[in-house]
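**Student:** Pasting a structure here, questions to come.
The values are calculated or read from the model by the stated rules, or taken from the named source; none is laboratory data. These figures come from a predicted structure and were not determined experimentally. Virtual Cβ from ideal backbone geometry, glycine too; neighbours counted across all protein chains shown. Ligands, DNA and RNA are stripped out before the accessible areas are found, and what is left, the full protein with its side chains, is counted by its heavy atoms. Shrake-Rupley method; radii C 1.70, N 1.55, O 1.52, S 1.80 Å.
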Amino acid sequence: MIRENASARILVVDDEIHIQHMLRTCLTIEGYTVTTARNGLDALHTLAETDFDMVLMDVRMPGMDGLTAATFLRQCEQGGQHRPPGHADLARCLSARRAGSRIPVVGITGHIHDGDIAAQAGMDHLITKPFDLDELFLLIQRLCGERRTVPLPES
């Protein structure tokens with residue numbers, strides 16, 4: 001199978017380096033462009049500087065967790081004046097880039113009971129570890145608007 005629109009850009013946010021590496025490798029093999037961040041605050045700085053088609057974000061991380069980062073992002077996308085202490089400049093930059101848009105955010109968790117809080121934080125979907133890569137690829141295709149096609153036979 002050939003993937004159309006293989007240029008989708010995905011931000012992977014996880015404090016566990018082996019999860020980052022595994023996702024980067026698998027997604028790159030599938031044709032995606034992958035950038036990584038180690039926590040929610042790093043992710044927000046990256047989102048303020050670069051456009052992405054989707055974010056895969058761990059729910060629980062030291063520093064700024066995925067729930068806080070998703071809430072912050074959603075408020076900036078809505079043009080809100082959310083100014084957490086110490087992050088007013090980041091909020092201004094993120095709002096300037098993201099206001100009026102909505103990037104899909106998929107939470108990654110090892111805790112099955114995180115579903116309600118992930119939805120409240122503005123995450124579009126939640127996957128639990130360990131996750132099935134084929135299901136993850138289908139979710140990414142759906143959220144990024146991609147389609148899989150069967151290659152044409154050679155003549």
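**Student:** Taking helices (runs of 4 or more DSSP H) that do not extend beyond the range 8-89, which have at least 2 residues that are closer than 21 Å to residue 136 by Cα and open to solvent by 50 Å² or more (accessible area, probe 1.4 Å)? Spell out the reasoning first.
**Tutor:** Values: elements: 17-29, 40-49, 66-77.
Because the criterion is at least 2 residues that are closer than 21 Å to residue 136 by Cα and open to solvent by 50 Å² or more (accessible area, probe 1.4 Å), the helices (runs of 4 or more DSSP H) in the range 8-89 that meet it are 17-29.
**Student:** Test of understanding: among 106, 150, which residue is modelled with pLDDT of 90 or more and among the β-branched types (Val, Ile, Thr)?
**Tutor:** Working: 150 fails: modelled with pLDDT of 90 or more.
Being modelled with pLDDT of 90 or more and among the β-branched types (Val, Ile, Thr) holds for just one of 106, 150, which is 106.
**Student:** Does residue 123 meet the test of being in a loop (DSSP other than H, G, I, E, B), surrounded by 17 or more Cβ atoms within 10 Å (Cβ to Cβ) and modelled with pLDDT of 90 or more?
**Tutor:** Values: in a loop (DSSP other than H, G, I, E, B): yes; surrounded by 17 or more Cβ atoms within 10 Å (Cβ to Cβ): yes; modelled with pLDDT of 90 or more: yes.
Judged against the criteria, residue 123 is a match.
**Student:** Let me ask something else. Run residue 21 past the list (1) modelled with pLDDT of 95 or more; (2) in contact with a helix residue (DSSP H, G or I) (Cβ under 9 Å, 6 or more places away or on another chain) and report the number of the one that doesn't hold.
**Tutor:** Residue 21 satisfies every listed condition except (2).
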